[in-house]
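Participant: Below you will find the structure I want to go over with you.
The values are calculated or read from the model by the stated rules, or taken from the named source; none is laboratory data. Just so it is clear, the model here is predicted, and its values are computed rather than measured. Here the Cβ positions follow ideal geometry from the backbone for every residue, glycine too, while neighbour counts run over all protein chains shown. These area figures cover heavy atoms from the full protein model, side chains too; ligands, DNA and RNA do not enter into them. Shrake-Rupley method; radii C 1.70, N 1.55, O 1.52, S 1.80 Å.
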Amino acid sequence: MTTFTIKDETVTGDILNELRIKVANERITIKDIITARVESEVESYNNKLPEYFKGLIQPSEAEKTLNGFKIKDKKKIDVEKQVFVALDAFQKNGYFVLVDNQQAETLEEEVLLSKTTTVSFVKLTPLVGG
């Protein structure tokens, strides 16, 4: 298992959120990084069903607030739908992924992860989806 750091950053470099993700392989694609991140966020939410979801993609039945995305009726989020929307948003330039400050160009791009690897997500537009 390899653990690496994911940061959500603004275009100006301010860090909004930071989390640690574990993956099975140290050689991984950008698609796998995005999928692992979204799955981790959704699993964490679905296990506790808190009032707010804090994640990359706004669930379709949620309202954006200062504290995250407020889910109506505190229901579970569909992980497959969230992953699909996140991958689609990457391809449409809804956000950039930087691996050690190098911009990822495609979902199939491979990177070699280590304990010191930092993956940054820089959102360009509000993401609404699954």
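Participant: For the chain, what is the percent of antiparallel DSSP beta bridges, rounded to the nearest 5?
Facilitator: 75
Participant: Have a look at Ile34, Gly55, Ala24 and report the one farthest towards the positive end of the charge dipole of region 1-122, computed about the Cα centre with Cβ charges (Lys/Arg +1, Asp/Glu -1).
Facilitator: Farthest towards the positive pole: Gly55.
Participant: Solvent-accessible area per residue for the chain at a 1.4 Å probe radius, Å²?
Facilitator: The answer is 59 Å² per residue.
Participant: On to the next question. Out of these labelled values of volume of the Cα convex hull per residue in Å³, (i) 109; (ii) 165; (iii) 99, which was calculated from the coordinates shown here?
Facilitator: The value computed from this structure is option (iii).
Participant: Apply the Karplus curve 6.51 cos²θ - 1.76 cosθ + 1.60, θ = phi - 60°, to the phi angles in region 102-107 and return the couplings in whole Hz, x for Gly and Pro.
Facilitator: So the J values, rounded to whole Hz, are 10, 6, 6, 9, 9, 5.
Participant: Heavy atoms only, probe 1.4 angstrom, no DNA, RNA or ligands counted: give me Asp32, Asp88, Asp73 ranked by accessible area, highest first.
Facilitator: Details: Asp32 75, Asp88 50, Asp73 140 Å².
Largest accessible area first, the residues go Asp73, Asp32, Asp88.
Participant: With charges set only on the Cβ (+1 for Lys and Arg, -1 for Asp and Glu), what does the dipole of the chain come to about its Cα centre, in debye to the nearest 20?
Facilitator: On the way: 18 positive and 21 negative charges, 95 e Å.
Taking the Cα centre of the chain as origin, the dipole is about 460 debye.
Participant: Suppose R0 equals 25 Å. What FRET efficiency, 1/(1 + (r/R0)^6) with r the Cβ-Cβ distance, do Leu49 and Met1 give to the nearest 0.05?
Facilitator: That gives a FRET efficiency of 0.40.
Participant: Between Gln91 and Arg20, how many nm apart are label points set 7 Å from Cα along the C-beta direction?
Facilitator: 3.4
Participant: In whole percent, how big is the carbon plus sulfur part of the accessible area of region 66-130, probe 1.4 Å, protein atoms only?
Facilitator: Heavy-atom surface of region 66-130 belonging to carbon and sulfur, 1.4 Å probe: 52 percent.
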